[in-house]
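The structure appears below as structure tokens.
The values are calculated or read from the model by the stated rules, or taken from the named source; none is laboratory data. Owing to the predicted nature of the structure, the values given are computational and were not obtained by experimental measurement. A quick note on method: Cβ atoms are made from the backbone with ideal geometry, for glycine too, and the neighbour counts reach across all protein chains shown. To get the accessible areas, we keep the full protein, side chains included, count just its heavy atoms, and leave off ligands, DNA and RNA. Shrake-Rupley method; radii C 1.70, N 1.55, O 1.52, S 1.80 Å.
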Amino acid sequence: MARTPKRHVPRVTVIGLGRFGGSLARELVVRGSDVLGVDSDPERVQRYADELTHSAVADTTNRDALEQLGIPEFRHAVVSIGTDLESSILTTSLLADFEIANIWAKATSRQHGRILERVGAHHVVLPEHDMGERVAHLVTGRMLDYIEFEEDYAMVKTLAPPAIIGSPLAESGIRSKYGITVVAIKHPGEDFTHAALDTVVRDGDILIAAGRSTQVELFADLT
């Protein structure tokens, strides 16, 4: 009888256990990762000690401290140090020196983010900025959800506009008229499914559309 292969458990270190880092570390554990949470504040470390796989108090700008924790052996690291920009940058730089394969870093501004990228972060997130931008789209438009992937490319969740109801997507001219692509559709009372050229749009359908940011915004305004 063939053996079931063992599931690979990702090992992630989350450095900085503030609101963003603590929430992220907890969610990673829930999703099955082996998480080492590190912070210079003993109270924060204690707060998450029972929820994380491992936790430690350390000065993460100190190379020796990181080496003692075995952080160079991790493939995934998240730097979630908030207001102390110097510590954020120095910690990210040390992780890059260790050649950690996948470094995520939280930035407080685009300028901070550019510096983090220069010192070795592979991915930079701006939680407050990104959430503010996303909510602004939802508040001022007719969108049900909005996700921007690049500065000029996004996906939007919106109700089907009256102009395309009753027609297959191939006949609606949606791409030529609006410059967007419907990638998924949800009929009332059903689950989301992939959209095909012969999919007929019904009244009350919810669509996931992708395209240039301005074009998906204009498409959502048709509802």
From the option list Arg47, Arg75, single residue qualifying as touching a residue at least 60 places away in the same chain (Cβ under 8 Å) and either among the acidic types (Asp, Glu) or out of contact with any Ser or Thr (no Cβ under 7 Å at 6 or more places or on another chain) (or both) is Arg75
Can you confirm whether the range 116-124 contains a residue that is out of contact with any His (no Cβ under 6 Å at 6 or more places or on another chain), surrounded by 13 or more Cβ atoms within 10 Å (Cβ to Cβ) and more than 27 Å from Leu28 (Cα to Cα)?
no
State which residue is surrounded by the most Cβ atoms within 10 Å (Cβ to Cβ) when the search covers only the range 86-112 and only residues that are more than 19 Å from the chain's Cα centre (by Cα) and among the aliphatic types (A, V, I, L, M).
Leu95
Only residues that are within 13 Å of Thr13 (Cα to Cα) and within 25 Å of the chain's Cα centre (by Cα): list them for the range 46-69, please.
Leu52, Thr53, His54, Ser55, Thr60
Let me confirm something: among Thr83, Thr61, Thr13, which residue is closer than 16 Å to Val125 by Cα and hydroxyl-bearing (Ser, Thr, Tyr)?
Thr83
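Per-residue answers, yes or no, for (1) aromatic (Phe, Trp, Tyr); (2) at pLDDT 90 or above; (3) open to solvent by less than 80 Å² (accessible area, probe 1.4 Å); (4) more than 30 Å from Ala107 (Cβ to Cβ):
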| residue | (1), (2), (3), (4) |
| --- | --- |
| Asp130 | no, no, yes, no |
| Asp152 | no, no, yes, no |
| Val156 | no, yes, yes, no |
| Ile165 | no, yes, yes, yes |
| Ala195 | no, yes, yes, yes |
| Ile206 | no, yes, yes, yes |
I'm checking my understanding of the structure. Among residues of the range 173-186 that are buried (at least 20 other Cβ atoms within 10 Å of the Cβ) and touching a Gly at 6+ places or on another chain (Cβ under 9 Å), which one is modelled with the lowest pLDDT?
Tyr178
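Residue-wise test of (1) over 30 Å from Glu133 (Cα atoms); (2) open to solvent by less than 20 Å² (accessible area, probe 1.4 Å).
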residue	(1), (2)
Pro10	yes, no
Arg26	no, no
Gly37	no, yes
Glu51	yes, no
His54	yes, no
Leu66	yes, yes
Arg114	no, no
Would you mind stating whether Gly32 is open to solvent by less than 50 Å² (accessible area, probe 1.4 Å), on the phi > 0 side of the Ramachandran plot, over 22 Å from the mean Cα position of the chain (by Cα) and not β-branched (Val, Ile, Thr)?
no
The one condition Leu94 fails out of (1) free of Cβ contacts under 8 Å to residues at least 24 places away in the same chain; (2) of a type in the set (A, V, I, L, M); (3) part of a helix (DSSP H, G or I) is (1)
Residue tally, condition more than 22 Å from Glu150 (Cα to Cα) and of a type in the set (D, E, K, R), over the range 174-223:
8
